[in-house]
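Structure record follows, encoded as structure tokens.
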Amino acid sequence: LEIYNDELKDLLHPHSVAGRGMGIREDAAGGIFVQGVREVEVSSRDDLLRFIAAGSAQRTTGATLVHTASSRSHALFTLRILRRLDAGADVITSKLRLVDLAGSERAKKTGAAGSPFREAI
């Protein structure tokens, strides 16, 4: 999930239009979820890393004086891990959230002005 200029974008669905059909919602139990985001089942570390890399490649970036490809957005990857110790045993469920916030370089150092400056504040 990417958050850029207050719009949501599904990073695993590169042809999605930012904000269309997506929204941050609260369920009846008070849990927060994102409606309309793609979930992918993986069964290996290599698959997981491939999807994270593919999603990261879809992030909005921009050049600054400090970095040629500075992230201009926030990204959130949620991993739900299911584990069964023995056949027939209960499933243990864990959730891990990976969060990368937009570049926070000092505006003076980056030379940011106009839209890139507004993105940073």
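The values are calculated or read from the model by the stated rules, or taken from the named source; none is laboratory data. On a predicted model such as this, the values are computed, not experimentally measured, just so you know. With ideal geometry, Cβ positions are generated from the backbone for all residues, glycine too; neighbour counts draw on all protein chains shown. These accessible areas exclude ligands, DNA and RNA; they are computed on the full protein's heavy atoms, side chains included. Shrake-Rupley method; radii C 1.70, N 1.55, O 1.52, S 1.80 Å.
Name the residue, out of Arg72, Arg83, Arg45, Arg25, that is in contact with a strand residue (DSSP E or B) (Cβ under 7 Å, 6 or more places away or on another chain), at pLDDT 90 or above and not aliphatic (A, V, I, L, M). Full working, then the answer.
On the way: Arg72 fails: at pLDDT 90 or above; Arg83 fails: at pLDDT 90 or above; Arg45 fails: in contact with a strand residue (DSSP E or B) (Cβ under 7 Å, 6 or more places away or on another chain).
Step by step, each of Arg72, Arg83, Arg45, Arg25 is checked, and only Arg25 is in contact with a strand residue (DSSP E or B) (Cβ under 7 Å, 6 or more places away or on another chain), at pLDDT 90 or above and not aliphatic (A, V, I, L, M).
What are the residue pairs meeting all of these: first residue in segment 26-48, first residue touching a residue at least 24 places away in the same chain (Cβ under 8 Å) and surrounded by 10 or more Cβ atoms within 10 Å (Cβ to Cβ), second residue among the β-branched types (Val, Ile, Thr) and assigned to a loop (DSSP other than H, G, I, E, B), Cβ atoms under 9 Å, and 6 or more apart or on different chains?
So the pair list comes out as Leu48/Val42.
Can you find, within segment 2-25, the residue that is nearest to Thr61 (Cα to Cα) among those that are open to solvent by 90 Å² or more (accessible area, probe 1.4 Å) and either in contact (Cβ under 8 Å) with a residue 60 or more places away in the chain or assigned to a strand (DSSP E or B) (or both)?
Asn5
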